[in-house]
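Structure record follows, encoded as structure tokens.
The values are calculated or read from the model by the stated rules, or taken from the named source; none is laboratory data. All values derive from a computational prediction rather than experimental measurement. Don't worry about glycine lacking a Cβ; one is built from the backbone with ideal geometry, like all the others, and counts go over all protein chains shown. Each accessible area value is taken on the protein alone, full model and side chains, heavy atoms only, with ligands, DNA and RNA left out. Shrake-Rupley method; radii C 1.70, N 1.55, O 1.52, S 1.80 Å.
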Amino acid sequence: MASPPSALLLPALAALLVPATAARAPPRNIAVVGAGLGGSAVAYFLQQHFGPQVQLDVFEPAGVGGRLATVTVNKQQYESRGASIHALSLHMQDFVKILGLKHRREVAGKSAIFSGEHFILEETDWYLLNLFRLWWHYGISFLRLQMWVEGVMEKFMRIYKYQAHGYAFSSLEELLHSLGGDAFINMTQRSVAECLLEVGVTQRFVDDVIAAVLRSSYGQSVLVPAFAGAMSLAGAQGSTWEVEGGNKLVCSGLLKLTKANIIPARVTGVSLHSSEGRALYQVHYEGSDGQGSAFYDMVVVTTPLHPSRSNFTFENFEPPIADFPGAFQPSVTSVVHGYLNSSYFGFPDPKLFPFASILTTDTPDLFFNAMDNICPVNISAAFRRKQPQEAAVWRVLSQQPLDKPQLKTLFRSYYSVQVTEWQTYPRFDAAKSLPPIVLHDNLFYLSGVEWVASSMEMIAVAAKNVALLAYNRWHQDLEKIDQKDLMHKVKTEL
């Protein structure tokens, strides 16, 4: 006897619906390696997209915040690195708003560029006088620089529209190409000096001003790639801000908001397994209680995988996950509480020294990249910056630890010196290709973005991209990955 049509259709429909529903179920658990800004931001974005039911385990052997760290001097905290955030950093602005944090009150201070013998450019209190001095020394080079940086930033800002519409990119090359076409790709392969000379900026301006900014931000020369240089110069030109209480509050706040489970352990590797026909990742780690491991549906690595920075291993992957070439630039931050030796800078009377920030040119004899008179992370309404003849807290950036003669050169005397040695930024000339984002089906690498440019906002943008990419790949929404002509698509969606 033939079955009625409904008896045949219902099982067929049920069979179709079961895998579709299963495919839409979010991952049960996700591991995030690292609790710096990248790790905390990607945990927040992953929860935004996959929902609060996903278990988020964040592995961090040191303190939450990573390079966003503070040091304590006389019971007050000061940023030791990663201090300024650009006004156009929209993700960072959102984080501060969501977490109920505030911008730290700005304390004005003038800057100057030091050649090792004298100041070659000095900022004044008058904006028009500053412009006149730039024109007098360098012609219209500073205008050409401004136009070049604004052109790059205008295209870069497209990323926020793309991400607001759920679009993601599976490689750094795809991301850059969607924003600025081949020109942005080329800017990762050509130096900032070469690109600026092409648009009419003079060699003198490059040697004096551009070199000083890049030494201060990256500890490197004008040979850094043009895209990284543009991001750094945008930060130097625009208004910047810091988080009241310390920038690291963004990291701890995001992790608290997501209710992430922070595991105080160092991840040593990831091995691939399969369960019910799907990839399963075993994360191996070492903590104070010894070695351990756990299985995850998805893993995001936000710490550098380059051999100079980690002994991370990948097992059972076929083809094997390739090594990550490149090296990192050594960087030393010395936070010094003491009396500035203003005579070294040509001011025998310390009361007359007018600068709170000193940048330096690329001069062989100069042993520091930059130094600034820093303010604490919490500033009261009555706070005032220390006068130059008073003991103040200075942050000195250099490539090597300062020895005693060098400290005595910069300071007449000092009460304390706190030294932090970092491998902060990639050596941009050390690798010819950009690292991948996708290492395996649901295994992602976030830190590779620093080889494009290294800033807090670039890391936040990369975190949002990885979260969107992970979400779109999990749900097989390929229409939201690596799409071409996105500006047109976004306009039509509006």
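Among all residue pairs at least 6 apart or on different chains, which show Cβ distances below 6 Å where the first residue, located in the stretch 37-51, is assigned by the TED database to the domain that holds I263 and among the β-branched types (V, I, T) and the second is in a helix (DSSP H, G or I) and surrounded by 24 or more Cβ atoms within 10 Å (Cβ to Cβ)?
Pairs that qualify, where the first residue is assigned by the TED database to the domain that holds I263 and among the β-branched types (V, I, T) and the partner is in a helix (DSSP H, G or I) and surrounded by 24 or more Cβ atoms within 10 Å (Cβ to Cβ), are V42/A463; V42/V466; V42/A467.
In the stretch 364-402, which residues are in a strand (DSSP E or B) and either open to solvent by 70 Å² or more (accessible area, probe 1.4 Å) or not polar (S, T, N, Q) (or both)?
Result: A370, M371, D372, A392, V393, W394, R395, V396, L397.
Could you list, in sequence order, all residues of the stretch 153-170 that are open to solvent by less than 30 Å² (accessible area, probe 1.4 Å) and part of a loop (DSSP other than H, G, I, E, B)?
Scanning the stretch 153-170 gives G166, Y167, F169.
Looking at the stretch 324-360, which of its residues are open to solvent by 20 Å² or more (accessible area, probe 1.4 Å), under 16 Å from E390 (Cα atoms) and in a helix (DSSP H, G or I)?
Within the stretch 324-360, S343, P350, K351, L352 meet the criteria.
Sort out which residues of the stretch 134-149 are loosely packed, with under 15 Cβ neighbours inside 10 Å and farther than 21 Å from R215 by Cα, and write them in order of number.
W135, W136, M147
Just to verify a result, which residue in the stretch 155-185, among those that are of a type outside the set (A, V, I, L, M, F, W, C) and without any contact (Cβ under 8 Å) to a residue 24 or more places away in the chain, is farthest from A460 (Cα to Cα)?
So, considering only residues that are of a type outside the set (A, V, I, L, M, F, W, C) and without any contact (Cβ under 8 Å) to a residue 24 or more places away in the chain, the one farthest from A460 (Cα to Cα) is D182.
To keep it simple, each residue is scored yes or no on (1) modelled with pLDDT of 95 or more; (2) β-branched (V, I, T).
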site	(1), (2)
V393	yes, yes
L402	yes, no
T409	yes, yes
S413	yes, no
Q423	no, no
F428	no, no
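Can you tell me which residues in the stretch 114-133 are over 24 Å from L410 (Cβ atoms) and open to solvent by 70 Å² or more (accessible area, probe 1.4 Å)?
Correct list: D125, W126, Y127, L128, F132, R133.
How about the stretch 227-257: which of its residues are part of a helix (DSSP H, G or I) and either farther than 29 Å from I210 by Cα or of a type in the set (K, R) (or both)? Talk me through it step by step, then tell me what you get.
To start, the set of residues in the stretch 227-257 that are part of a helix (DSSP H, G or I) comprises 227-237, 248-257.
Across the stretch 227-257, the qualifying residues are K248, L249, V250, C251, S252, G253, L254, L255, K256, L257.
For the stretch 200-213, give me each residue that is in contact with a helix residue (DSSP H, G or I) (Cβ under 6 Å, 6 or more places away or on another chain), aliphatic (A, V, I, L, M) and either surrounded by 23 or more Cβ atoms within 10 Å (Cβ to Cβ) or farther than 19 Å from A453 by Cβ (or both). Don't jump to the end; show me each part of the working.
Kept after step one, since they are in contact with a helix residue (DSSP H, G or I) (Cβ under 6 Å, 6 or more places away or on another chain), are these residues of the stretch 200-213: 200-202, 205-206, 213.
If we keep only those that are aliphatic (A, V, I, L, M) too, we end up with 201, 206, 213.
Answer for the stretch 200-213, where residues must be in contact with a helix residue (DSSP H, G or I) (Cβ under 6 Å, 6 or more places away or on another chain), aliphatic (A, V, I, L, M) and either surrounded by 23 or more Cβ atoms within 10 Å (Cβ to Cβ) or farther than 19 Å from A453 by Cβ (or both): just V201.
Considering only residues that are in contact with a Lys or Arg (Cβ under 9 Å, 6 or more places away or on another chain) and either among the hydrophobic types (A, V, I, L, M, F, W, C) or not in a loop (DSSP other than H, G, I, E, B) (or both), which ones fall in the stretch 475-490?
Listed by number, the residues that qualify are I481, L486, M487, V490.
Count, please, the residues in the stretch 214-226 that happen to be open to solvent by less than 30 Å² (accessible area, probe 1.4 Å), of a type in the set (G, A, S) and either outside any helix (DSSP H, G or I) or not assigned by the TED database to the domain that holds L397 (or both).
So the count comes out to 1.
I'm trying to understand the selection: among the residues of the stretch 275-300, which are acidic (D, E) and open to solvent by less than 30 Å² (accessible area, probe 1.4 Å)?
D297
Return the only residue of V417, V466, V449 being more than 18 Å from the chain's Cα centre (by Cα), of a type in the set (V, I, T) and surrounded by 15 or more Cβ atoms within 10 Å (Cβ to Cβ). Walk me through it before giving the result.
Working: V466 fails: more than 18 Å from the chain's Cα centre (by Cα); V449 fails: more than 18 Å from the chain's Cα centre (by Cα).
Residue meeting the stated conditions: V417.
Exactly one condition in (1) open to solvent by 10 Å² or more (accessible area, probe 1.4 Å); (2) over 30 Å from L359 (Cβ atoms) is not met by L254; state its number.
Going through (1) open to solvent by 10 Å² or more (accessible area, probe 1.4 Å); (2) over 30 Å from L359 (Cβ atoms) one by one, L254 breaks only (1).
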